[in-house]
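One structure is given here, and the rest of the page talks about it.
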Amino acid sequence: MPISNHLRRLLLKTIADNINEVTLGFDGTPATPSDGAVGRPAITLTPTITIVDDNTLLVEAQLPIDNAFTDTIKEVYIQYRGTTDFTPVARFTTRPITKTSGNELLIQIIIEVA
């Protein structure tokens, strides 16, 4: 018997409620399922989480125009941070992104929970 839609929605809501940080970093090493932290962190942002449907979450984080870096952004790390520890959710590497004081950056990540 497949998992019920109600339980799947509860699982998505639980995951959505437990994502509270997105860290952008300068490390461009390949992302793996066992990554435990961001490589070289640049900035930590507070994301907005949207449940798109019974299988999909949208994680969005915005880096305002007033932030600039001399190195390029090459990774996005999503996690839950509690008062004493953190739980990794996902880490992604991307093509290098140049962030100057002349551009904004909106990170949008779709997470499918099957």
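The values are calculated or read from the model by the stated rules, or taken from the named source; none is laboratory data. From a predicted model like this one, the values you see are computed outputs, not experimental measurements. Here the Cβ positions follow ideal geometry from the backbone for every residue, glycine too, while neighbour counts run over all protein chains shown.
Okay, here's what the table says:
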| item | result |
| --- | --- |
| Residues located in the range 88-114, provided they are part of a strand (DSSP E or B), of a type in the set (A, V, I, L, M) and more than 11 Å from the chain's Cα centre (by Cα) | ILE97, LEU105, LEU106 |
| Residues located in the range 54-92, provided they are closer than 14 Å to PRO41 by Cα, among the polar types (S, T, N, Q) and loosely packed, with under 13 Cβ neighbours inside 10 Å | THR70 |
| The one condition in (1) modelled with pLDDT under 90; (2) in contact with a helix residue (DSSP H, G or I) (Cβ under 9 Å, 6 or more places away or on another chain) that ILE49 fails to fulfil | (1) |
| Count of the range 54-75 residues which are modelled with pLDDT of 90 or more and either more than 18 Å from the chain's Cα centre (by Cα) or under 17 Å from ALA16 (Cβ atoms) (or both) | 13 |
| Cβ-Cβ under 6 Å pairs, at least 6 apart or on other chains, the range 72-101 side within 29 Å of THR14 (Cβ to Cβ) and in contact (Cβ under 8 Å) with a residue 24 or more places away in the chain, far side crowded, with 16+ Cβ neighbours inside 10 Å and small (Gly, Ala, Ser) | GLU75/GLY25; ILE78/ALA90; ARG91/ALA31; PHE92/ALA31; THR93/GLY28; THR93/ALA31 |
| Of residues in the range 42-53 being surrounded by 17 or more Cβ atoms within 10 Å (Cβ to Cβ) and aliphatic (A, V, I, L, M), the one nearest to THR93 (Cα to Cα) | ALA42 |
| Any strands (runs of 3 or more DSSP E) falling wholly within the range 1-87 and containing at least 2 residues that are basic (Lys, Arg) | 73-81 |
| Qualifying residues in the range 3-41 (those that are of a type in the set (S, T, N, Q) and modelled with pLDDT of 90 or more) - the one surrounded by the most Cβ atoms within 10 Å (Cβ to Cβ) | THR23 |
| Close pairs (6 angstrom Cβ cut-off, 6 or more residues apart or separate chains): touching a residue at least 24 places away in the same chain (Cβ under 8 Å) in the range 12-34, assigned to a loop (DSSP other than H, G, I, E, B) and crowded, with 17+ Cβ neighbours inside 10 Å anywhere | VAL22/PRO47; THR23/VAL38; GLY25/VAL38; GLY25/GLY39; ASP27/GLY39 |
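Residues are listed down the side, and each one gets a yes or a no for (1) of a type in the set (Ser, Thr, Tyr); (2) closer than 21 Å to GLU104 by Cα:
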{"residue": "THR29", "(1), (2)": "yes, no"}
{"residue": "LEU45", "(1), (2)": "no, yes"}
{"residue": "LEU57", "(1), (2)": "no, no"}
{"residue": "ASN67", "(1), (2)": "no, yes"}
